[in-house]
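To start, the structure itself, in structure tokens.
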Amino acid sequence: QCQLSGLWRNDQDSLMEISVLRDNGDFQGQYLTRVTLSGGCAHISPLRGTQQQLGEDSWPTFAFTVRWDKFSNASTAFVGQCFVDAGGKETLSTMWLLREAVGSLEEDWKATR
């Protein structure tokens, strides 16, 4: 079984900690990103999400959002699934969309990555 709670590191050396996982699947935590739109040092931002509640032997799907606190006018939505390999290693496979604020509807085309 895959457990979302705990500390996770991605390929870009950013860290995500899921510290609260409720019985209904809702969770919260923090994201320490090493990749920022403006460059510079790492920043901690809050995250909130939910995982699909399935049976004991299932690999859950999940979704969460990160509000990039205090350093960017952007938000990111992540969706993914947790897997466990034959050796017991847990892996989160995710996709994300980042939305950055722009000044006008004409600039909307460049706001989502």
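Observations
- For segment 6-110, the Cβ-based charge dipole about the Cα centre amounts to some 280 debye (Lys, Arg positive; Asp, Glu negative; other atoms uncharged).
- Sequence-separation-based contact order of segment 6-110, relative, with Cα cut under 8 Å and 6+ spacing, percent: 15
- Highest mean packing comes first when the peptides 100-110, 78-88 are listed by Cβ atoms within 10 Å, giving 78-88, 100-110.
- Karplus-derived 3J(HN,Hα), 6.51/-1.76/1.60, for each residue of segment 75-85, Hz, glycine and proline x: 9, 10, 10, 10, 10, x, 9, 9, 10, 10, 7
- Average accessible surface for segment 6-110: 66 Å² per residue, computed with a 1.4 Å probe over protein heavy atoms with every protein chain in place.
- Computed extension gain for Ala111 through Gln28, at 0.36 nm per residue and net of the alpha carbon distance, reaches 27.3 nm.
- Counting protein heavy atoms only, the chain has 50 percent of its accessible area on carbon and sulfur, 1.4 angstrom probe.
- Residues whose amide H comes within less than 5 Å of that of Ser14, counting only those at least five positions distant or on another chain, are Arg34 (H built at 1.01 Å from N in the peptide plane).
The values are calculated or read from the model by the stated rules, or taken from the named source; none is laboratory data. On a predicted model such as this, the values are computed, not experimentally measured, just so you know. Virtual Cβ from ideal backbone geometry, glycine too; neighbours counted across all protein chains shown. Side chains included, ligands, DNA and RNA excluded: accessible areas come from the protein's heavy atoms. Shrake-Rupley method; radii C 1.70, N 1.55, O 1.52, S 1.80 Å.
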